[in-house]
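Data block below; observations after.
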Amino acid sequence: MKKFFSVKDVASVSEVVNEALEQKANPYALESLGKHKTLGLVFLNPSLRTRLSTQKAAMNLGMNVMVMNMDKDGWALETQDGVVMNGTTVEHIREAAAVMGEYCDILGLRSFPKLKDREEDYSEDLFNKFIEYCGVPVVSLESATRHPLQSLTDLITITEYKNSKKPKVVLVWAPHVKALPQAVPNSFSEWMCQAQVEGLVEFTIAHPKGYQLSEEFTNGANISNNLEESIKDAEFLYVKNWSSYEQYGQVFPVTENWMMDNQKLALTNNAKVMHCLPVRRDLELSAEILDGPNSLVIKEAGNRVWAAQVVLKRMLESLAK
Ligand code: CP
């Protein structure tokens, strides 16, 4: 594996989930695989789970890890070609990425969208240039449009906790006070659509009008604007806020109450409730659910290690070839 950026970078989601669960059952079986190999984690935005779980996964595989908080400690990056750099940017991504590739065998990058210009964000220009110029395998730690380590984690968690062969999984829009990216729901949706193709889940998306995601990510999903109707018989609820894709980065007032609570949970098939975290209590998701027996959020966050470990394992194996 030379790149982990979207669901298209794995041949089969069920295979990669099973391989991750093998890593979970025996975390140190490959502790020599990464000996004398270096992972560089480059953050342009904050992170708790992605940073620590990916470091932990790399350590389980015997790798050395370096972390660069580019937003705080790095030079201001220029990404456009052909510009005279007489403004605020100090270093071009051509040199910065290439230099990081000299120090590291594998690189990870996190870069959020600006939510101003849809075309610019969805072009993934920064990520594509980073991949092109660094010259080593790259794992996405969340880009403008996707968060694949989170989505793989989510499918691992669903596989572990499901009570039926093909559980109903519902991605539920949640309220928020800020405009958030579509990366997590886009990514969750493309992974669940592929899991549905492989016969692993039945997938529904529920959101208020105006919050439809790009069709590029939702092909095959059942989509509804009726919260109560769509969560009936659900075995898993995946709760997440996102801003509008159509009216890009905007948030509209929603009059109905979309926050998931125990009253709504009673309409489901005793659904397990998931959220990628961080979560705003009693705004996105009720504290009674987060502290109750149906919440999977902590186990889900724990599984971030195994998603990262299987991806790094595949990349290390490809370096050896
Ligand atoms: N879910 C997730 O990616 O968490 P962090 O932003 O803390 O890494």
For this session: State the answer as a single residue: which of Val84, Leu48, Thr38 lies farthest towards the positive end of the charge dipole of segment 1-114, with beta carbon charges of +1 for Lys and Arg and -1 for Asp and Glu, about the Cα centre.
Result: Leu48
For this session: Rounded to the nearest Å, what's the spacing between the alpha carbon centres of segment 240-313 and segment 190-220? Just the number, please.
Result: 16 Å
Problem set entry | Loop GluC sites (Glu not before Pro), segment 167-216, which have at most 16 other Cβ atoms in a 10 Å radius of their Cβ (DSSP) | Glu198
For this session: Could you size up the charge dipole of the chain around its Cα centre, putting +1 on the beta carbon of Lys and Arg and -1 on that of Asp and Glu, and report it in debye to the nearest 20?
Result: 740 debye
Problem set entry | 28 Å Cα-Cα threshold exceeded, pairs from Lys3/Lys37; Lys129/Lys168; Lys232/Lys313 | Lys129/Lys168; Lys232/Lys313
Exercise. Using a basic spin-label model with each label point 7 Å from the Cα along Cα→Cβ, how many nm lie between Glu256 and Ser214?
Worked result: 2.7 nm
Exercise. Using only Cα atoms, what Kirkwood radius does segment 148-301 have, in angstroms?
Worked result: 15.2 Å
Exercise. For segment 148-301, what is the charge dipole size about the Cα centre, in debye to the nearest 20, if Lys and Arg each add +1 at the Cβ and Asp and Glu each add -1 at the Cβ?
Worked result: 160 debye
Exercise. Quick one: helix 13-25 against the long Cα principal axis of the chain, what's the angle to the nearest 10°, folded into 0 to 90?
Worked result: 80 degrees
For this session: Note down the magnitude of the dipole of segment 185-268 about its Cα centre, charges +1 on Lys and Arg C-beta and -1 on Asp and Glu C-beta and zero elsewhere, to the nearest 20 debye.
Result: 240 debye
Exercise. Over the chain, what relative contact order in percent results from Cα pairs under 8 Å that are six or more residues apart?
Worked result: 21 percent
Exercise. For the chain, what does -39500 (n - 2.57) per DSSP helix run (n ≥ 4), summed and divided by total residues, give at 222 nm, in deg cm²/dmol to the nearest 500?
Worked result: -11000 deg cm²/dmol
For this session: Step through the residues of segment 189-201 one at a time and calculate ³J(HN,Hα) from phi using the Karplus curve (6.51 cos²θ - 1.76 cosθ + 1.60, θ = phi - 60°), rounding each to whole Hz and writing x for Gly and Pro.
Result: 5, 5, 6, 5, 4, 5, 4, 5, 4, 7, x, 8, 8
Seminar exercise, completed: For the chain, the per residue accessible area (1.4 Å probe, Å²) is 45 Å²
Exercise. What FRET efficiency do you get for Ile223 and Met85 if R0 is 45 Å and r is their Cβ-Cβ distance, rounded to the nearest 0.05?
Worked result: 0.50
Exercise. By its C-alpha gyration tensor, with a ≥ b ≥ c as the square roots of the eigenvalues, how is the chain shaped: rounded for a/c under 1.5, else prolate for a/b larger than b/c, else oblate?
Worked result: oblate
Exercise. Can you list, bin by bin at 10 Å, the percent of alpha carbon pairs in segment 269-310, starting at 0?
Worked result: 28, 50, 20, 2
For this session: Just the number, please: carbon plus sulfur as a percent of the accessible area of the chain, 1.4 Å probe, no ligands or DNA/RNA counted.
Result: 49 percent
For this session: Among the aspartates and glutamates, select those whose C-alpha is under 17 Å from the C-alpha of Lys209, and discard any that sit fewer than 8 residues away in the same chain.
Result: Glu228, Glu229, Glu246, Glu256
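The values are calculated or read from the model by the stated rules, or taken from the named source; none is laboratory data. Worth saying up front: this structure is predicted, and the values here are computed from it rather than measured. Heads up, the Cβs are rebuilt from the backbone with ideal geometry, glycines too, and the neighbour counts pull from every protein chain shown. Ligands, DNA and RNA are excluded from the accessible area calculation, which covers all protein heavy atoms including side chains. Shrake-Rupley method; radii C 1.70, N 1.55, O 1.52, S 1.80 Å.
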